[in-house]
Structures are given as C-alpha cells and as structure tokens.
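Q: Before I ask anything, let me first share the structure, which is written out below as structure tokens.
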Amino acid sequence: MAQPEHWQAIGREILQAARSELYLNLPFLDAALAALPPSGGFQTPCLATDGRALFYNGAYLARQYERGRAPVCRAYLHTLLHCLLRHHVKSNRRDRGLWDLCCDIAVESILDGLELRCLEAPVNSVRRRNLYARLRGGLPVLTAEGIYRFFHREPLPVYDRATLAREFYADDHTPWPMQDDGGRQEQQWQTLSRRTETSMETVFAGQATGAEAVREQLRVSARETTDYRAFLRRFAVLREEVAVDADAFDPGYYAYGLRHYGNMPLIEPLETREARRIEDFVIAVDTSMSTSGELVRAFLSYTYSILKDTESFFRKVNLRILQCDDRLRDDRRITDARGLREYMEHFTLVGQSSTDFRPVFEHVDRLREEGAFRHLRGLLYFTDGLGIYPQKRPAYDAAFVMLEGGCYPDNVPPWGIRAVLREDEIIQGEPL
C-alpha cells in the first residue's frame, strides 16, 4: 500500500533539511548526497536504498524528527555510507543476515566516532563500546568484510546475534540487489568513494573531528583488488614441452608434399611447443590467529582451480605448501594436480600463534641451496599482512596475498608484491 501523498511531501521536506545539515557539517559528501535522490517508489518502514535512490517512509521520518534532527541525520548518513562503502553490492554469496549486521556495525562505528551534534546518538551504549573494543583487538579497520570474517572465526550465539541486530538496526536492506548489474553500481560508488576521500583530505586537514574512521574505511573500500588469474601468470616460466605446436605447423605445405612426393611430407609437425607453466612454486600460509582453516582451504582450492583450468601446471610440478605462524609448522611437497587435490581434501591448519614471516623465507633459502628447486620464480604468502618481515629482499619474487577488509597491505616492505582479493571471489573455491 502506497503511503499518502501528504506523508510523502512531509518526508521529502524532512530529508531535504537533513541533507542540508549534513552538507554544512560534512561538505565532502556533496557528490554522494546528489547521487542518492529521495524516492517514495519502494515501501519501507524507515529508510532504504538500492544504490540508485533513497527510499523513505514519511510517517517514520516525522516521528524521528519529533525527537530531534540528529536521529534523521544519523539514519540518512547511515544509509549513504552503505553505498559509499559498497555494502549493498557485496552481499552475494554471504550469509545475508550476518552480512547485514556486519554492515550496520561498520557504519555505526563510524557515526559513533564523528564528533558532530547533528549525529549525536540518543543513548551512549555500553554494549556498543564493548563490541568495538573486542573487534579492534583483531582488526586494523572496522570494515564490514573484516567484521564478517571475525564472526566466522568466533560465531555469535543466536540470542546475541538478534540482540546486536536490534542494537545496530537503522535502515531496511531489503532493496539491496542480490547481484550488481554488470558492476556498474560498484564502479559508480567506488568513484564517488575516491572523490569523497580526496575531498576529506582537504576539508579535515589538521582538524580533530573523529572523521579518521570515515577516511580509513573509504581508503580500504576504494583500494583496487587484484585480478588473481592474471597475477598468477607472473610466476610461470617459459619452457618447451612435448606437444604439437599447431601455430607453427602449416598443413598446406604438409599436404603438398604428400600429393607430389608420395609419403614424403615437406614439413614435419613440431614435436615440442613453448608454453608458460608453473614448475617450481611455494605457497606459504599464515596460520596465526588472524586466519581460519575454512578461508585457507578456500584460497588453496581457488588457486588450484585457476592453475588447473588454465593448464598452468607442467605434468610434473614441484610445489611446496608451507604453514607457519611464529615458526615453520608444516612443509608438504606436491608433485602433480592429484596430489594437490588430495592435500586440500585433508587440509588441517597447524599453528595459531603470532606471525613471523622470516622462518618461511629462511626455509626456502635452505631448500634452494640444497637444490630442491630448479626454476623457482616466486613465493605466494596468504596472510593478513601483520607480522615480522625479512629485512632483505629474497632472490625470488615474494607476493603477499590478502583479503579485502581487515588486512594490512601497507605493512608489506617495498620489495614485496601486494595482492588484495575479494573474499566472495575465493569463497566458492573456483574463479568467478
């Protein structure tokens, strides 16, 4: 049932006033505010968005406005931040109820840190402060992705999850699309996110406003993720292998020889061809408290599926999978695709202490000296980026692969290669 026209008019007027107040206090939001025009085209009990418009309930806004301007401004900015952080297009392949909660916690943590009267919370919640402290003990920035992984490692009891959902509820996520329309929305809001972050650097330069949390989340959200399929190619070597090189074989000359000289073809098909394949390779897994067995298994499965589908392996491969936290815990040698598949099926995470990257590099250096590798091009380290790094660059490429949100790519030394992947890209164990 559509809301009466007078409520639509009242709601639109209230939103216009809230928008003006947000712009006066947070001028860096000008482009984002303009990108989300108010609309009564979706029936919602409060505020909602699909990334294209801001849906509202006029009667709800009137009730909130009677309490003061701050509740309306908070709800408005809460919904807008979901879009700037692209929460609404990242729900695919996740537990939707938990994802909604994590997005609300991430956004409310920003609002609670902004020292503005127009965003004052009606109640100073002890439950919120305790939760933020608990999350910040394991996360560099309270992103929705990081919080989601945190609760996967430490699941919430049903009652606590319902309590937190009520505590942080501010808008309706029902219109959030299950899938983005070809990535257009994500690209649009990523551009707006970068523009907002750049504007903040100017507006809040030298001011203690509590806006650092906004800037941090925007910086993490706007960070480019890696095309992992293309990324793996850099570790391949160019070698000859036994096979017919169809590109180098001219069937015309071959047929001409058979026609004119009997069984004597002019050109024999080549018995080898050049191909870029992964021959010697090391995958190291950070088994500290920051990782979980489920995510590591998904990462290994995803890596395997790319290598298998793109024929990146030679028939025989020399792959070492290492597990390490503050010391080397496990070293497994894999020689073919079947061995890797069997390893993943029985994979167990070993460790769960603090992180020190040095033991892995020291171990690989010893293996190289012992002749365990012939053409080692690189080492892939799956981690969150927090730990003790070697001071010197190794004799091979070293890439630190991390998941978007809740990672520390800036800690990687200059000689290290950084690769940031989206969790929903690897969670299925196969390329999207």
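A quick yes/no check of all residues on (1) in contact with a strand residue (DSSP E or B) (Cβ under 7 Å, 6 or more places away or on another chain); (2) at pLDDT below 90; (3) more than 19 Å from residue 234 (Cβ to Cβ); (4) surrounded by 15 or more Cβ atoms within 10 Å (Cβ to Cβ):
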{"site": "355", "(1), (2), (3), (4)": "yes, yes, yes, yes"}
{"site": "382", "(1), (2), (3), (4)": "yes, no, no, yes"}
{"site": "393", "(1), (2), (3), (4)": "no, no, no, no"}
{"site": "404", "(1), (2), (3), (4)": "yes, yes, yes, yes"}
{"site": "419", "(1), (2), (3), (4)": "yes, yes, no, yes"}
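Q: Please go through the range 46-103 and pick out each residue that is over 26 Å from residue 148 (Cα atoms) and acidic (Asp, Glu).
A: If the condition is that a residue be over 26 Å from residue 148 (Cα atoms) and acidic (Asp, Glu), then 66 is the only one that fits.
Q: How many residues, within the range 61-96, are more than 17 Å from the chain's Cα centre (by Cα) and either polar (S, T, N, Q) or not assigned by TED's automatic domain parsing to the domain that holds residue 39 (or both)?
A: The initial filter retains those residues of the range 61-96 that are more than 17 Å from the chain's Cα centre (by Cα), namely 61-81.
Those left that are additionally either polar (S, T, N, Q) or not assigned by TED's automatic domain parsing to the domain that holds residue 39 (or both): 64, 79.
So the answer is 2.
Q: Given the condition touching a strand residue (DSSP E or B) at 6+ places or on another chain (Cβ under 9 Å), touching a residue at least 40 places away in the same chain (Cβ under 8 Å), basic (Lys, Arg) and not assigned by TED's automatic domain parsing to the domain that holds residue 143, answer yes or no: does some residue in the range 329-346 qualify?
A: Checked the range 329-346: at least one residue is touching a strand residue (DSSP E or B) at 6+ places or on another chain (Cβ under 9 Å), touching a residue at least 40 places away in the same chain (Cβ under 8 Å), basic (Lys, Arg) and not assigned by TED's automatic domain parsing to the domain that holds residue 143.
Q: Only one of these is farther than 30 Å from residue 60 by Cα and surrounded by 17 or more Cβ atoms within 10 Å (Cβ to Cβ): 116, 135. Name it. Working first, answer last.
A: Numbers: 116 fails: farther than 30 Å from residue 60 by Cα.
Just a single option satisfies the conditions, and that option is 135.
Q: Any idea which residue in the range 125-177 is modelled with the lowest pLDDT, counting only those that are small (Gly, Ala, Ser) and not in a loop (DSSP other than H, G, I, E, B)?
A: Restricting attention to the range 125-177, the residues satisfying the condition of being small (Gly, Ala, Ser) are 125, 133, 137-138, 144, 146, 162, 165, 170.
Filter once more, keeping what is not in a loop (DSSP other than H, G, I, E, B): 133, 144, 146, 162, 165.
On the way: 133: 93, 144: 92, 146: 88, 162: 94, 165: 95.
Among those that are small (Gly, Ala, Ser) and not in a loop (DSSP other than H, G, I, E, B), it is 146.
Q: Can you pull out the residues in the range 49-74 that are of a type in the set (Gly, Ala, Ser), within 14 Å of residue 12 (Cα to Cα) and touching a residue at least 40 places away in the same chain (Cβ under 8 Å)? Give the steps one after another, and end with the answer.
A: Step one: list which residues in the range 49-74 are of a type in the set (Gly, Ala, Ser), which gives 51, 53, 58-59, 62, 68, 70.
The next check asks that each one be within 14 Å of residue 12 (Cα to Cα); those that pass are 53, 58-59, 62.
Within the range 49-74, 58, 59, 62 meet the criteria.
Q: Anything in the range 318-366 that is within 27 Å of residue 393 (Cα to Cα) and in a helix (DSSP H, G or I)? List them, or say none.
A: Within the range 318-366, 358, 359, 360, 361, 362, 363, 364, 365, 366 meet the criteria.
Q: Criterion first (in the same structural domain as residue 85 (by TED's automatic domain parsing), surrounded by fewer than 15 Cβ atoms within 10 Å (Cβ to Cβ), β-branched (Val, Ile, Thr) and closer than 26 Å to residue 72 by Cα) does residue 163 satisfy it?
A: Numbers: in the same structural domain as residue 85 (by TED's automatic domain parsing): yes; surrounded by fewer than 15 Cβ atoms within 10 Å (Cβ to Cβ): yes; β-branched (Val, Ile, Thr): yes; closer than 26 Å to residue 72 by Cα: yes.
So residue 163 fits the description; yes.
The values are calculated or read from the model by the stated rules, or taken from the named source; none is laboratory data. No experiment lies behind these values; they were computed from the predicted model shown. Counting neighbours? That spans all protein chains shown, and the Cβs are built from the backbone with ideal geometry, glycine included.
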